[in-house]
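Engineer: If you scroll down you'll find the structure; I have some questions about it.
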Amino acid sequence: MAFQATKAPEWLDTIARIHTIPVKKHLKPEVTFLTYGETQALLEAITADTWTGRRDRVMFTLAVQTGLRLSEITELCLASVHLGSAPHVACTGKGRKNRTTPLTSTTASLLKVYSQERSTRPGQALFPNPHGFALSADAVQRRLSLHLARATSICPDLANKHVTVHTLRHTAAMRFLEAGIDAAVIALWLGHESQATTSIYLHADIAIKRKALERTRQPDTRAGEYQPADPLLTWLQSL
């Protein structure tokens with residue numbers, strides 16, 4: 001309103017009425033993530049008998065473990081990877097904010113082997129195309145779709161999910177949440193501007209809600225989900 005008042009003061013009354021119109025709300029889509037079995041099926045479906053296959057396996061393993069955004073993955077260069085005593089990757093996320101993400105020993109080992117082969121190829125991009133330039137976002141998604149089609153034959157449950165590179169980011173977040181990691185730590189790990197953004201994961205998995213319910217169970221309450229009584233037995237017992 002303040003900005004509009006300086007540009008068109010004669011229309012303030014109309015502008016004020018426009019601002020009173022409620023904004024249409026849409027249902028937020030549910031977060032899609034992969035289970036441990038689905039993740040393994042995807043990664044194992046990536047053949048390592050070619051250079052592009054080995055590149056893709058490392059790239060998507062890194063995506064699942066770190067939860068990096070697609071733009072952050074494509075912008076990684078050789079200097080972004082640090083495989084010393086505290087292995088990590090450094091990236092520049094949203095808002096040009098620098099972030100370092102620790103690596104597991106498994107991911108670090110894969111990157112170490114990959115980096116040796118990568119050093120023999122042109123360019124500085126960590127995950128390059130055949131010409132040595134960084135893969136485009138569309139190219140990464142196409143590669144994921146290719147491997148996903150193969151993985152579906154191993155794990156049919158994948159056919160029921162719309163999987164994108166961002167799904168792998170959600171998968172990393174859900175692994176932390178399932179392990180009991182505080183939402184504030186997950187927000188810091190993912191580079192969220194606000195912890196409120198991370199709250200979407202709290203609604204994503206019914207199993208987490210069941211665990212929370214189990215922790216609040218009264219001592220005299222039997223564990224497990226509620227099961228309605230058999231109507232026939234109920235009738236017989238009432239005789």
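The numbers here are math on the coordinates, done by the rules we state, and not lab data. Please read these numbers as outputs of a predicted model, since none were measured by experiment. Note that we place each Cβ from the backbone using ideal geometry, even for glycine, and neighbour counts take in every protein chain shown.
Engineer: Among residues other than Glu193 whose Cβ falls under 10 Å from its Cβ, what is the net charge (Lys/Arg +1, Asp/Glu -1)? Mind dumping the intermediate values first?
Structural biologist: Working: positive: Lys94, Lys97; negative: none.
Summing Lys and Arg as +1 and Asp and Glu as -1 gives +2.
Engineer: So, by mean Cβ neighbours within 10 angstrom, what's the order for 183-190, 81-88 with the highest one leading?
Structural biologist: Listed from highest to lowest mean packing, they are 183-190, 81-88.
Engineer: A further question on this structure: Ranked highest first by average number of other Cβ atoms within 10 Å, how do 59-65, 14-20 line up? Before the final figure, lay out the partial values.
Structural biologist: Numbers: 59-65: 22.6, 14-20: 9.9.
Result, highest mean Cβ count within 10 Å first: 59-65, 14-20.
Engineer: Only sites in a loop by DSSP and with at most 16 other Cβ atoms within 10 Å count here; which trypsin sites (Lys or Arg not before Pro) in region 52-99 make the cut? Could you put the intermediate results ahead of the total?
Structural biologist: Details: sites: Arg54, Arg55, Arg57, Arg69, Lys94, Arg96, Lys97, Arg99; in loops: Arg69, Lys97.
In loop regions of region 52-99 (DSSP not H, G, I, E or B), the sparsely surrounded trypsin sites (Lys or Arg not before Pro) are Lys97.
Engineer: Please work out whether region 36-204 counts as rounded, prolate or oblate from its C-alpha gyration tensor, where a ≥ b ≥ c are the square roots of the eigenvalues and a/c under 1.5 means rounded, while otherwise a/b larger than b/c means prolate and anything else oblate?
Structural biologist: It is oblate, given that a/c is not under 1.5 and a/b is not larger than b/c.
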